[in-house]
Amino acid sequence: EPEVTQTPSHQVTQMGQEVILRCVPISNHLYFYWYRQILGQKVEFLVSFYNNEISEKSEIFDDQFSVERPDGSNFTLKIRSTKLEDSAMYFCASSEGDNTDTQYFGPGTRLTVL
Amino acid sequence: DQQVKQNSPSLSVQEGRISILNCDYTNSMFDYFLWYKKYPAEGPTFLISISSIKDKNEDGRFTVFLNKSAKHLSLHIVPSQPGDSAVYFCAASAEGGKLIFGQGTELSVKP
């Protein structure tokens, strides 16, 4: 069964460093998403991406964040200058269509900012 | 942001009995709802969904009920099995395809 994959599973970085989290969505999906979950809190939407453009972004997704689909298979989330509060699980998801289509999630990347 | 709420942080059920997980929402514009199951250190796994034009959707042991007038949905698992023990999240699909999640309910099914 096709699945969303994410690398790395765990990333440790120093505050102020740049990190790139990588995702390979399900191959026939057209809509891509990033979410995060800070320990003990809700899963929160960050950004949605379709047709090489951001469709929607949350207040969390400020200028420090960017997304890219550099080739036909990868979808990346970059955090330019990490802060302590960026420590969280980051989940990538993809869907065939938008609003009424099911989003399938990857296993997540645990980001720890020291 | 409290648009989707799961008021019970935990639920404990005996194996073979019914588990009922509840979820409330505030925005009447939501038109698609999903339930996800999550184990620690893993991503959410899709379970079942329901469109706002329906009031019930069933898939094997899982049934989701939607009461639009009450802005309430529930997930029924019957019979419950120990392998069902996990955190269950309800989510509503909003504009741009973003999912708005509840806080989750931790289900424990005891043998």
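Laboratory data are not the source of any read-out in this text; all were calculated from the coordinates shown. Since the structure is predicted, the reported quantities are computational estimates derived from the model, not experimental observations. Quick reminder, even Gly has a Cβ in these numbers, built from the backbone with ideal geometry, and neighbours come from all protein chains shown.
Of note:
- Two-site label geometry, A:Asp63 and B:Asp31: point separation in nm, points 7 Å out along Cα→Cβ: 3.7
- With each label modelled as a point 7 angstrom along the Cα→C-beta vector, the B:Ser12-A:Gln17 pair spans 4.3 nm.
- Straightening the chain between B:Ile20 and B:Gln2 buys 4.4 nm, computed as 0.36 nm per residue apart minus the Cα-Cα spacing.
- In this structure, A:Asn99 and B:Ser69 have a Cβ-Cβ separation that, at R0 = 22 Å, corresponds to a calculated FRET efficiency of about 0.50.
- Dipole size of chain A about its Cα centre, with +1 on Lys/Arg Cβ and -1 on Asp/Glu Cβ: approximately 420 debye, rounded to the nearest 20.
- With 0.36 nm allotted per residue and the present C-alpha distance subtracted, the A:Thr7-A:Ile54 stretch has 14.8 nm of extension available.
- Rounded to 0.05, the FRET efficiency of the A:Glu85 and B:Ala41 pair, given R0 = 30 Å and the Cβ-Cβ distance, is 0.90.
- With θ taken as phi - 60° and the Karplus curve 6.51 cos²θ - 1.76 cosθ + 1.60 applied, the whole-hertz 3J(HN,Hα) list for region A:48-59 is 10, 9, 8, 6, 6, 9, 6, 8, 7, 9, 8, 5 Hz, x standing for glycine and proline.
- Cross-link pairs beyond the 23 Å C-alpha cut-off, checked among B:Lys56/B:Lys110; A:Lys57/B:Lys5; B:Lys38/B:Lys98; A:Lys83/B:Lys38; B:Lys37/B:Lys71: B:Lys56/B:Lys110; A:Lys83/B:Lys38
- Other protein chain Cβ atoms within 10 Å, averaged over every residue that makes up B:88-101: 6
- Placing +1 on the Cβ of every Lys and Arg and -1 on the Cβ of every Asp and Glu, with no other charges, gives the protein assembly as shown a dipole of roughly 560 debye about its Cα centre.
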